[in-house]
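Data block below; observations after.
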Ligand code: KIV
Ligand code: NA
């Protein structure tokens, strides 16, 4: 069944938990989609996971478009959300709409995600007015890593908790269809989830959110540069892959691969004739 921003909102009303994962390429998007996920985020985490940067700040709109295109070709049913990268929605309303439009028009995602609350409200409203659905993202917002002084849990003081709840309400009023809550205490996520009628999608935000999201490379054990506490490794595919590659290297060196079954054959007579 095709997921839409409306089905996301309805899920909360029906008390159905939403599932999301990130993806950055065609093959992974296809696997995730076929497994029955509700939503795929082409996150700017691709900067770390797919491009090897230290953080998300170097990711460009062109990078996002490139990867969103691949994911959009692989996913048939999931709602595809594309991250707006650093500085693509900070300069002006005009640029924000143009960049959001590129992710939709060139990339082929269904919605965009922006980090921040009240600070980005004018941009959020303008993008929604341009008929582009927006997902919010508050709590730990990795594009602000240099302002936050690192990747730290947010919402630990009374003032910051109040600000998170206010931000969530402002975003809901602005018309966003869902909000990612990243790295906040579970009870804070509960307060936020209970104070808005659109779904909260948690990552490191505990069990009271309306849905969950993880970086797919983290949960599959494909990325080990940095694994946050909130990640559950469902598989250790990194080790699986290394094992398979070592086997390949050994077999090639020993002459055990390729076998006849992997080889193309022609008539022996022709070979003999050429040798003559
Ligand atoms: O870029 C990303 O992967 C994200 C999720 C962690 C929410 O923003
Ligand atoms: Na992101």
May I ask you to compute the full-extension gain from residue 92 to residue 230, defined as 0.36 nm times their residue separation minus their alpha-carbon distance, rounded to one decimal in nm?
-> 46.2 nm
Give the distance, in whole Å, between the Cα centre of the range 145-198 and the Cα centre of the range 1-50.
-> 21
Rounded to the nearest 5, what is the percent of antiparallel bridges among the DSSP beta bridges in the range 106-196?
-> 10
Principal axis dimensions, largest first and in whole angstrom, of the chain by Cα = 86, 39, 36
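Where both residues lie in the chain, what percent of DSSP beta bridges are antiparallel, nearest 5?
If we restrict to bridges inside the chain, about 5 percent are antiparallel.
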109, 209 arranged by Cβ crowding within 10 Å, fewest neighbours leading | 209, 109
Over all directions, average the projected area of the Cα convex hull of the range 138-223 and note it in nm².
-> 5.9
So how do 122, 260 line up by other beta-carbon neighbours within 10 Å, fewest first?
-> 260, 122
Residue order, fewest to most beta carbons within 10 Å, for 262, 66, 137 | 262, 66, 137
Of 172-181, 92-101, ordering from highest average Cβ density within 10 Å down gives 172-181, 92-101
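Read-outs: derived from the displayed coordinates by stated rules, not from any lab. Bear in mind the structure is a predicted one, so any value in this text is a computation, not a measurement. Every residue, glycine among them, receives a Cβ derived from its backbone with ideal geometry; neighbour counts consider all protein chains shown.
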